[in-house]
Amino acid sequence: SEQRYQLAITGVNQGVWDWDLASDMLFMSDRAQELLGREAGPQVRPRREWIAQWEYHPEDRPRVRQALADYLHGASGTFEVEYRMLTRAHQWVWVLQRGRSTRRDAAGRPLQAVGLCIDIDRRKREETQLRANESRLATALWGARAAFWQWHVPTDALTLSPMWFAMMQYTR
């Protein structure tokens, strides 16, 4: 049923979209609009009207443009890109847009596309925090001139830090 479908989409933090490239009309579910930081409104509008209200993070704009160009020119059968959007609350949130063609013309160009808008903000923030923590650890170990190694006995795998190689005057 429609209610069950809506519950499932909301539960997995996703919204759906459907783009008719011939008319350039884009359907955007209420949940997709919310994930993109906008209040729910008319669900079908020309794509340019949707884009006019979206604010992409400046660092992400080239990646979004390239992914869209690759898709529209048939270089890719799917459309997939991660980027940050500015919400009404003036916060940048990470989303993943993933879609594919459901109809193509004789030259292989997409005529109809459907897809998902997925909230990946928590994952991206955790990845960023992990990279920062790893960088701080590497800096602290290097500054302390501390080397480490790890031996996984069951597999006999040995992991050696870059400082270990430097201190032992070995190369990798």
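The values are calculated or read from the model by the stated rules, or taken from the named source; none is laboratory data. Bear in mind the structure is a predicted one, so any value in this text is a computation, not a measurement. Glycine gets a Cβ as well: all are built from the backbone with ideal geometry, and neighbour counts include every protein chain shown. These accessible areas exclude ligands, DNA and RNA; they are computed on the full protein's heavy atoms, side chains included. Shrake-Rupley method; radii C 1.70, N 1.55, O 1.52, S 1.80 Å.
Some points to look at:
- Test for E55: is it open to solvent by 40 Å² or more (accessible area, probe 1.4 Å), touching a strand residue (DSSP E or B) at 6+ places or on another chain (Cβ under 9 Å) and closer than 17 Å to V16 by Cβ: no
- Meets criteria (open to solvent by 80 Å² or more (accessible area, probe 1.4 Å), in a helix (DSSP H, G or I) and either out of contact with any His (no Cβ under 6 Å at 6 or more places or on another chain) or at pLDDT below 90 (or both)) for Y5: yes
- When the range 85-101 is limited to residues that are farther than 15 Å from V64 by Cβ and surrounded by 14 or more Cβ atoms within 10 Å (Cβ to Cβ), the one that is farthest from the chain's Cα centre (by Cα) turns out to be S101.
- Yes/no for S29 being under 29 Å from R125 (Cβ atoms) and in contact with a strand residue (DSSP E or B) (Cβ under 8 Å, 6 or more places away or on another chain): yes
- Residues of the range 42-55 that are part of a helix (DSSP H, G or I) and under 21 Å from R98 (Cβ atoms): R47, W50, I51.
- Test result for A22, of a type in the set (A, V, I, L, M, F, W, C), surrounded by fewer than 19 Cβ atoms within 10 Å (Cβ to Cβ) and closer than 20 Å to L86 by Cα: no
- Subset of the range 37-52 [surrounded by fewer than 14 Cβ atoms within 10 Å (Cβ to Cβ) and touching a residue at least 12 places away in the same chain (Cβ under 8 Å)]: E39, V44, P46, R48
- Note on the range 69-84: residues that are open to solvent by less than 40 Å² (accessible area, probe 1.4 Å), closer than 15 Å to C117 by Cα and free of Cβ contacts under 8 Å to residues at least 24 places away in the same chain amount to 1.
- Out of E134, E126, sole residue that is within 30 Å of A166 (Cα to Cα) and either without any contact (Cβ under 8 Å) to a residue 24 or more places away in the chain or in contact with a helix residue (DSSP H, G or I) (Cβ under 6 Å, 6 or more places away or on another chain) (or both): E134
- First in the range 102-116 and open to solvent by 90 Å² or more (accessible area, probe 1.4 Å), second anywhere and part of a strand (DSSP E or B), Cβ under 7 Å, 6 or more apart: R103/L111; R103/Q112; R104/P110; R104/L111
- Taken over the range 14-27, the criterion of being without any contact (Cβ under 8 Å) to a residue 40 or more places away in the chain and not aromatic (F, W, Y) is satisfied by S23, D24, M25, L26.
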